[in-house]
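Data block below; observations after.
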Amino acid sequence: MHSGRTIPDPVGQQRSAGRRLTPNLLAVLVATLLGLLPCGIGATETVLVSNEKGNSISVLDANSLTLLRSVAVGQRPRGILLSKDRKYLYICASDDNRIDVLDLDSYQLQSPLPSGADPETFALDPDGTHLYVSNEDNSLISIIDIAQKRVIGEIPVGVEPEGMAVSPDGRWIVNTSETTNMAHFIDSTTHKLVANVLVDSRPRHAEWTEDGRQVWVSSELGGTVSVIDADSRQVIHKIEFTIPGVPRQAIQAVGIVIGKDRKLAFVALGPSNRIAVIDAQSFAVMKYLLVGQRVWNLAFNHDESRLYSTNGVSNDISMIDVKSLAAVKSVPVGNQPWGVVVRP
Amino acid sequence: MRTAWSLLMLAILLAHRGGAAAPGTDPDWPCAQPLVETVSAAMLWRGPPLDAEIDWQSDPAAATLVGAILPREVATADGLAAIAAYLGQHRQARQAAILRAAAGLLQENNLARAKLLAQIKNLAVRQRGLADIVAALNHERALPDRFDDAELLERWNFSRRSFYEMQQTLRYVCEIPAQLDRRLGQYLDALAAGLR
């Protein structure tokens, strides 16, 4: 699967320039230049994609979108997250009822974490020690202690819990429940439910703004995004989408990313095959970008200059240049790509 | 806290009353993927606007292409090869030929798709009927002296087996619209590439 291609990286070159070339470092450099190492010095960021029906993780070079490798993981991998130190990828292996842990240096699976039944998505607390997992089949959130590899608590929520997000300060957990049509606010210290906010039908994804003042919740069947004020827990705005020539049924809001400076946000719109570009201050829709089929989840790279989308029907991912707001390229990955993260 | 819990429980009860369908869904649609009844040009087409009035059926080459590559059993690779051959035959007036083929594919695909969606909904109705039969037989078997009734047990087993077989069938057929959409997307991308 290795493409044999190494992309020059100015950052990596600078980093290596001041070092004395030990025999080991020299060997790594030579191997990298020869294209023998997929992620050696000089390599760029990598895009990691879970393939729901392929039962695999695709690893791609974030610049060229060259497929570097494909790693077999548990059944029906959906939500994926990087560990705080970015050395591991946590993977919701939904049909195996566990969280797979993939070492991103060796690409070997480590011993898995428990998850509760049918884990679909999860969130990592800011100190990187606990995972909050939505268990779709039994209306629970499982709290996983990563170091102890055990479930240390369960929080009952609405029917078919789905989206999970922890506030930047770690104080609040937000979970969405698909059938109850709510965003549940949970105190992360007491694990008690403190508020329920009604949103449109089948809420899928929750995303905090970097300043912790808002939570954005997408509704798949409603085709909207509800912007919730985190203090008052009221919906302060509902973003609606109209795409000329596209049936209303096909506009299904799913993945959301919001820029750290809260200037721009992007919303994946499912089978409309569009990503909406939003002015994150005024909530106005600025543009729709045509990407692959059934665009599902989104991820920025580390400096937010590029955005990546998984396209579940066309079995590919698309790369968007954020400055020009243009879809640059799509490349095939595995069967039914679902989650995406970028490892710096 | 108590209020939050009470509201949550109320919402859960309301969500489940009488098996009501969520807004925007068809109660007969059995698939996890939300129903999308038609695929429009704007959802897939990356070329110039496709006029709804394009007469593709009067062009024998376009009509032949559409008829040859849209049946469900045609492999994507074979359909793409046929599109490549069609493009090869239309080096003159190429854009008009491509637009005719694209319009024909979209129109015929939606007709075939509508039939498929109706078949899936019919299967869902039959599945509900089987569920009712199994429930009635469950009830009958719970009556005094009926649990060991061999004829009743045979009917119960047969109905349950039919129910689970239908469940498997539904799981399979629910994947077909996405498979057709994927192939249509590849066909239209191949035609649009012919414009560049």
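The values are calculated or read from the model by the stated rules, or taken from the named source; none is laboratory data. Just so it is clear, the structure is predicted and the values come from calculations on it, not from any experiment. Heads up, the Cβs are rebuilt from the backbone with ideal geometry, glycines too, and the neighbour counts pull from every protein chain shown.
Results for (1) exposed (fewer than 13 other Cβ atoms within 10 Å of the Cβ); (2) in contact with a strand residue (DSSP E or B) (Cβ under 9 Å, 6 or more places away or on another chain); (3) at pLDDT 95 or above; (4) not charged (D, E, K, R), shown as yes or no for each residue.
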| site | (1), (2), (3), (4) |
| --- | --- |
| B:GLN127 | no, no, no, yes |
| B:ILE133 | no, no, no, yes |
| B:ARG146 | no, no, no, no |
| B:TYR187 | no, no, yes, yes |
| B:ALA192 | no, no, yes, yes |
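Looking across segment B:36-51, the residues that are assigned to a loop (DSSP other than H, G, I, E, B) and under 16 Å from B:ASN109 (Cα atoms) come down to B:VAL36, B:GLU37, B:THR38, B:VAL39, B:SER40, B:TRP45, B:LEU50.
Tell me the residue from A:SER318, A:SER282, A:SER324, A:SER305 that is surrounded by 20 or more Cβ atoms within 10 Å (Cβ to Cβ), at pLDDT 95 or above and either out of contact with any strand residue (DSSP E or B) (no Cβ under 9 Å at 6 or more places or on another chain) or on the phi < 0 side of the Ramachandran plot (or both), please.
Details: A:SER282 fails: surrounded by 20 or more Cβ atoms within 10 Å (Cβ to Cβ); A:SER324 fails: surrounded by 20 or more Cβ atoms within 10 Å (Cβ to Cβ); A:SER305 fails: surrounded by 20 or more Cβ atoms within 10 Å (Cβ to Cβ).
Going through A:SER318, A:SER282, A:SER324, A:SER305 in turn, the sole match is A:SER318.
Among the residues of segment A:56-67, how many are buried (at least 23 other Cβ atoms within 10 Å of the Cβ) and farther than 14 Å from A:ASP103 by Cβ? Of the residues in that region, 2 qualify. Would you be able to say whether some residue in segment B:52-59 is facing another protein chain (nearest Cβ under 9 Å), part of a loop (DSSP other than H, G, I, E, B), surrounded by fewer than 18 Cβ atoms within 10 Å (Cβ to Cβ) and among the hydroxyl-bearing types (Ser, Thr, Tyr)? No, that holds for no residue.
Quick check on segment B:148-166: of everything there that is surrounded by 14 or more Cβ atoms within 10 Å (Cβ to Cβ) and among the basic types (Lys, Arg), which residue is nearest to the chain's Cα centre (by Cα)?
B:ARG160
Scanning segment A:201-218 for residues that are basic (Lys, Arg), assigned to a strand (DSSP E or B), more than 13 Å from chain B (Cβ to nearest Cβ) and surrounded by fewer than 18 Cβ atoms within 10 Å (Cβ to Cβ) turns up nothing. Contact map, segment B:32-49: first residue more than 8 Å from chain A (Cβ to nearest Cβ), second residue among the small types (Gly, Ala, Ser), Cβ cut-off under 7 Å, separation 6 or more or different chains; pairs are B:GLN33/B:ALA178; B:TRP45/B:ALA102; B:TRP45/B:ALA192; B:GLY47/B:ALA102; B:GLY47/B:ALA192. Does at least one position in segment B:13-34 carry a residue that is buried (at least 19 other Cβ atoms within 10 Å of the Cβ) and modelled with pLDDT under 95? Checked segment B:13-34: at least one residue is buried (at least 19 other Cβ atoms within 10 Å of the Cβ) and modelled with pLDDT under 95.
Apart from one condition, A:HIS191 fits all of (1) within 11 Å of chain B (Cβ to nearest Cβ); (2) farther than 18 Å from A:GLN234 by Cβ; the exception is (1).
Where strands (runs of 3 or more DSSP E) fall wholly inside segment A:237-344, the ranges with 1 or more residues that are touching a Leu at 6+ places or on another chain (Cβ under 8 Å) and under 21 Å from A:SER201 (Cα atoms) are A:256-258, A:264-268, A:274-279, A:295-300. For segment B:68-125, the set of residues classified as crowded, with 17+ Cβ neighbours inside 10 Å, at pLDDT 95 or above and in a loop (DSSP other than H, G, I, E, B) consists of B:LEU70 only.
From the list A:VAL197, A:VAL254, the lone residue that is within 25 Å of A:PRO337 (Cα to Cα), crowded, with 19+ Cβ neighbours inside 10 Å and either among the basic types (Lys, Arg) or at pLDDT 95 or above (or both) is A:VAL254.
With the structure loaded, tell me whether B:GLU108 is away from chain A (no Cβ under 14 Å) and either aromatic (Phe, Trp, Tyr) or over 30 Å from A:ILE275 (Cβ atoms) (or both) or whether it fails that test. Spelling it out, it is not the case that B:GLU108 is away from chain A (no Cβ under 14 Å) and either aromatic (Phe, Trp, Tyr) or over 30 Å from A:ILE275 (Cβ atoms) (or both). Identify all residues within segment A:135-154 that are of a type in the set (S, T, N, Q) and within 14 Å of chain B (Cβ to nearest Cβ); write none if there are none. A:ASN138, A:SER139 - these are the residues of segment A:135-154 that are of a type in the set (S, T, N, Q) and within 14 Å of chain B (Cβ to nearest Cβ).
Can you list the strands (runs of 3 or more DSSP E) lying wholly within segment A:68-137 that have 1 or more residues being under 15 Å from A:ARG150 (Cα atoms)?
Details: elements: A:77-82, A:88-93, A:98-103, A:109-114, A:119-124, A:130-135.
Output list reads A:88-93, A:98-103, A:109-114, A:119-124, A:130-135.
Filter segment A:172-190 down to the residues that are touching a residue at least 24 places away in the same chain (Cβ under 8 Å), in contact with an Asp or Glu (Cβ under 9 Å, 6 or more places away or on another chain) and surrounded by fewer than 24 Cβ atoms within 10 Å (Cβ to Cβ), then identify the one that is farthest from A:LEU269 (Cα to Cα). Per the criteria, the residue is A:SER188.
Take the conditions surrounded by 24 or more Cβ atoms within 10 Å (Cβ to Cβ), away from chain B (no Cβ under 14 Å) and free of Cβ contacts under 8 Å to residues at least 60 places away in the same chain and apply them to A:ILE275. Does it pass?
Details: surrounded by 24 or more Cβ atoms within 10 Å (Cβ to Cβ): yes; away from chain B (no Cβ under 14 Å): no; free of Cβ contacts under 8 Å to residues at least 60 places away in the same chain: yes.
Taking the combined requirement at face value, the residue does not satisfy it.
Got at least one residue in segment B:125-135 being closer than 29 Å to B:GLU73 by Cα and either touching a helix residue (DSSP H, G or I) at 6+ places or on another chain (Cβ under 8 Å) or within 14 Å of chain A (Cβ to nearest Cβ) (or both)? Yes, segment B:125-135 contains at least one residue that is closer than 29 Å to B:GLU73 by Cα and either touching a helix residue (DSSP H, G or I) at 6+ places or on another chain (Cβ under 8 Å) or within 14 Å of chain A (Cβ to nearest Cβ) (or both).
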